[in-house]
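These notes are about the structure you will find just below.
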Amino acid sequence: MKILAVSGSLRAASYNTALLRAAAELAPEGVSLEIHPLGDLPFFNQDVEEQGDPPPVAAWKAAVRDAEALLIACPEYNGGLTAVLKNAIDWASRGKPAPLDGKIACAIGASPGITGTVRAQDALRLNLKRTGCDLAPLSDILVGQAHTKIENGVLTDERTRQAIARHLASYVEIVRARR
């Protein structure tokens, strides 16, 4: 199974990207997890789209189409989604069929705050639902106080690593059952 992973953070020392690297290490046997960067996507603009998708957009859409499932590391900025993540969703919601249509996603998120990224994941769920993509049931992992669990870009907290491994195993079973 091929899972496409994206981080809604562009920060080099992103806690959310660190979660994706840990998820790649912890993925169940037979599952490949490819992290796709979003930093080169231009802002969505229908005028640009009408001229043809720029190469980074075409690559992003192809990656979404080719994946069997999506793992989204969803930071929370001011109680909502980051612009880069919303922009990626907007681009992948376009086309016939739209790359996100019929996909199933799973969300994880890390934040220095106590509640993790609960509000951003709620916003993510709403945005994905509008594109025809669903978040898997019970599909969110909220990593609060991330600065105490991630050191030098590595998730070091064993309890969180175990939770991610269990979560991914459940998610993979949900995706397989929907095939």
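What to note about this one:
- Among the residues of segment 133-145, at least one is over 12 Å from the mean Cα position of the chain (by Cα) and of a type in the set (S, T, N, Q).
- All of 134, 90, 101 fail the test of being among the acidic types (Asp, Glu), touching a helix residue (DSSP H, G or I) at 6+ places or on another chain (Cβ under 8 Å) and over 25 Å from residue 166 (Cα atoms), apart from 101.
- Contact map, segment 145-157: first residue β-branched (Val, Ile, Thr), second residue assigned to a strand (DSSP E or B), Cβ cut-off under 9 Å, separation 6 or more or different chains; pairs are 150/110; 150/143; 156/150.
- Verdict on residue 100 being over 19 Å from residue 142 (Cα atoms) and crowded, with 23+ Cβ neighbours inside 10 Å: yes
- Among helices (runs of 4 or more DSSP H) entirely within segment 15-82, having at least 2 residues that are at pLDDT 95 or above and either among the acidic types (Asp, Glu) or within 18 Å of residue 146 (Cα to Cα) (or both) singles out 15-26, 46-50.
- Whichever residue in segment 84-98 is touching an Asp or Glu at 6+ places or on another chain (Cβ under 9 Å) and assigned to a loop (DSSP other than H, G, I, E, B) and, among such residues, is nearest to residue 68 (Cα to Cα): 93
- Scanning segment 120-144 for residues that are more than 20 Å from residue 15 (Cβ to Cβ), assigned to a helix (DSSP H, G or I) and in contact (Cβ under 8 Å) with a residue 24 or more places away in the chain gives 127, 128, 130, 131.
The values are calculated or read from the model by the stated rules, or taken from the named source; none is laboratory data. Predicted model only: the values in this text are computed from it and were never measured. All Cβ positions, even for glycine, are placed from backbone atoms using ideal geometry, and neighbour counts span all protein chains on display.
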